[in-house]
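Below is one structure, written out as structure tokens; the observations come after it.
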């Protein structure tokens, strides 16, 4: 397992090594030292920076678990709205304190370890997963100033650290000494290792466009590249700083595709429907955390939702302009809220998908990854390379052609959908949103009609 | 692989002998998607099921033995507990058998009053919709879609509310009695049913768009666990399982009991759609037949409501239920297939023997053959598609 991961990483590193050496940015001044000298000058030179680092780390470790508090409530409310319910309403106003109450309950629950379990690994697994989930946040730029560390290999660091989560999952499944847990763990391992590849390749597309692996650098590369958007806005009477033309997703048709490949794969990476096989409750009871209860279970839960937010924040940073807003001429809205807003939008889409679609079978899951997503990703990389040969990064022609191709793609997609809409019953039309395979649907409809006529 | 249990060999409840790469897994009786308390003993090679043995009896309540010590009226509430999803149809099945025995002596019992027959069809078809709704919802949940489950329960709730109005109970009705039904229509009840049908009929199309035609759902169910016509008949499985295999067989049409011969409705059957990989008798067809049957039930109910309802008693007048000496096998079409009651009477108020021919048991016995060589996730899809209720299989 670990070897496989390593090989994958080495291949990835080899692929991008030439670019990264050119584009590697100098790591910024040692911020810990500068803050320490400013505020903690009375302490010895070696102690100050360490204290600052500990303070920052503590802040992150305590703030990240607060995210799931919000996300779990959001999930419950969103699912309730989709399912014609109200969701939690009793605990606190509008059920706002529900997750807090759940958390308190989990803390006070009895700490159970199955007698046959491998006790050391059983205890260690949740914290390994939690550590990796929190560590990912260290490299995500929440705004110009809120960034723990601007690594020159930021996105590479995120990829590798999130791969370790698979090991924690296997550890939990193995240590539980339960067959259902082991099933969940094996499924999870296969799934995470497979879907790491399209994720890595999609990110590679972005790296090829931006020529840097630093997260801050990728955000900067999506700022003020094209003046056309600004000109159009000025013509319409709006003053803007940047435009969505700068966003990586619209830069070329290939990054547009890469965004969807990345988003789809990241849903699989965080084990959510339709790819929630590792914890498929109707098949595997609860997957790898079947035997966990109390606070250890809560730690899994926190890590899971922290991951969900992390992959969405990464998607926003890589493809949707990161913390940069459109109207922030004078930092009108802090970057923190812009990035969080974009991420929450993506999280909402994930929830929407989760509460709409059924689950794939394990062979279909692998088919999707190896037969569709990975070839598409390779095509993206090839295309991006060719795109780079023909266009400069800031050429107006490139964004024009890119927009043309993307809009043709979107229009033809909408055309297919609306074309089949006209031939459906009104009730089907209202309920169709979110379903794919509309041409098949039409065939089915007509065949049913035939059947009932005979 | 894993440390085996240290229990001595003879105390283990295992019948399978695994090869070295294989694993024995007990699925159930406490498992989220075994639809009650079914235990499956699986011999697994990774994700692939080499052998599956269903173990039943976790919900055995000695219905048949109990029945020997109870009078016929007293057995009716016990039949509620057979298939507790469609209690009305279970009541009806038993009452049909007893009434058939009683009619052999016309001096004591002639027939069920016509108004009672109307009420029986009303209750039976409403319960058929409620039962198929539950089958649809839980099947969605088995496949991994949670939302259809709550939609189905939302609509089933409306039917239960109607039943509560009709007979005071929501799950075990004891409504259809030997010789008639227990209560007449509450005020404005037919209007309520009509409102429900207006609300519900479009919802079926919505569910089809949400789940039935979903690409992932079709991938998961099309061509999976094909139970063709011959195999279905050999196992004695009936109802939607048989119709999904392409056989037009429905007792309401082929051996019409009650007043079913007065209604115009279709028998939906399975169908091959090669472009989607859908073949006769696969999970998708078994499921789809239930969706179509709900539409047909709505059709029957609409015709029933618009009929001229006869006035008169709802219960035949008799002194005591003492069927003449003899034996009878009578069957009726419940949502899960043909429910048969075999009753031997010695002329007293209590039957000598009651045997239930259970459609769920027949369908469940095919599970072992159906699941061989498929994947673990497919087992769940099969259990959902044959739509078993353990209360009836175990009795």
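Here, each number is a calculation from the coordinates, and none is a lab measurement. Computed from a prediction, not measured in an experiment: that's the story for all the values here. A quick note on method: Cβ atoms are made from the backbone with ideal geometry, for glycine too, and the neighbour counts reach across all protein chains shown.
Values computed for the structure shown
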| read-out | value |
| --- | --- |
| Peptide B:22-31 - average C-beta neighbours from other chains (10 Å radius) | 2 |
| Rg and Dmax of the range B:295-378, Cα atoms only, in Å | 20.2, 58 |
| Mean Cβ count within 10 Å, highest first, over the residues of peptides A:249-258, B:189-198 | A:249-258, B:189-198 |
| Mean Cβ count within 10 Å, highest first, over the residues of peptides A:76-88, A:167-179, A:339-351 | A:167-179, A:339-351, A:76-88 |
| Per-selection Kirkwood Rh - the range B:33-133 (Cα, Å, 1 d.p.) | 16.7 |
| Alpha-carbon Rg with Dmax, taken over the range B:75-134, Å | 12.9, 43 |
| Convex hull volume per residue for the range B:238-395, taking Cα atoms only, in Å³ | 146 |
| Pairwise centroid distance, computed over Cα atoms, of the range A:241-265 with the range B:289-348, Å | 63 |
| More than 16 angstrom apart: percent of Cα pairs within the range A:153-200 | 41 |
| Cα long-axis angle, helix B:147-167 against chain B (0 to 90 degrees, to the nearest 10) | 20 |
| Value at 222 nm in deg cm²/dmol, rounded to 500, when DSSP H runs of n ≥ 4 in chain B each add -39,500 (n - 2.57) | -13500 deg cm²/dmol |
| Principal axis box of the range A:343-412, alpha-carbon based, largest edge first, Å | 43, 28, 26 |
| Kirkwood-Stokes translational diffusion coefficient of chain B, alpha-carbon pairs, 20 °C, 1.002 mPa s, µm²/s | 98 |
| Long-range Cα-Cα pairs in the range A:55-135 (distance over 18 Å), rounded percent | 60 |
| Rough spin-label spacing in nm, given labels placed 7 Å along Cα→Cβ, for residue B:308 and residue A:293 | 6.6 |
| Separation of alpha-carbon centers, the range B:234-272 and the range A:398-416, rounded to whole Å | 51 |
| The protein assembly as shown - Kirkwood radius from inverse mean 1/r over Cα pairs (Å) | 30.4 |
| Where N is the number of residues in the range B:257-309, Cα Rg divided by 2.2 N^0.38 Å | 1.47 |
| Zone residues, the range B:74-101, relative to residue B:171, backbone N less than 17 Å from point 7 Å out along Cα-to-Cβ | B:77-91 |
| Extension gain, residue A:40 back to residue A:120 (0.36 nm per residue minus Cα-Cα distance, nm) | 24.8 nm |
| Neighbouring partner chain Cβ atoms per residue of B:200-209, average, 10 Å criterion | 5 |
| Contour excess over end-to-end distance, with Cα ends at residue B:69 and residue B:48 and 0.36 nm allotted per residue | 2.9 nm |
| Where Rh is the Kirkwood radius over Cα pairs, Rg/Rh for the range B:141-219 | 1.11 |
| D (Stokes-Einstein, µm²/s), Kirkwood Cα radius, the range A:285-369, 1.567 mPa s at 4 °C | 84 |
| Modelled FRET efficiency - R0 51 Å, residue A:55 with residue A:413, Cβ distances, 0.05 increments | 0.55 |
| Residue with peak Gaussian network fluctuation, chain B [Cα springs, cutoff 10 Å], from B:58, B:287, B:72 | B:58 |
| Ratio Rg/Rh, restricted to the range A:58-191 and using Cα atoms, in which Rh is the Kirkwood radius | 1.03 |
| Cα Rg over Rh - the range B:196-302, Kirkwood | 1.00 |
| Reference-scaled alpha-carbon Rg (2.2 N^0.38 Å with N residues) for the range A:125-262 | 1.35 |
| Inter-label distance, nm, simple model (7 Å from Cα along the C-beta direction), residue B:184/residue A:394 | 8.9 |
| When the range B:71-220 is reduced to its Cα atoms, the Kirkwood hydrodynamic radius in Å | 16.8 |
| Cα long-axis angle, helix B:283-306 against chain B (0 to 90 degrees, to the nearest 10) | 20 |
| On Cα atoms only, tilt of B:189-207 relative to the major axis of chain B in degrees | 20 |
| Residue mean of other protein chain beta carbons inside 10 Å, A:360-370 | 3 |
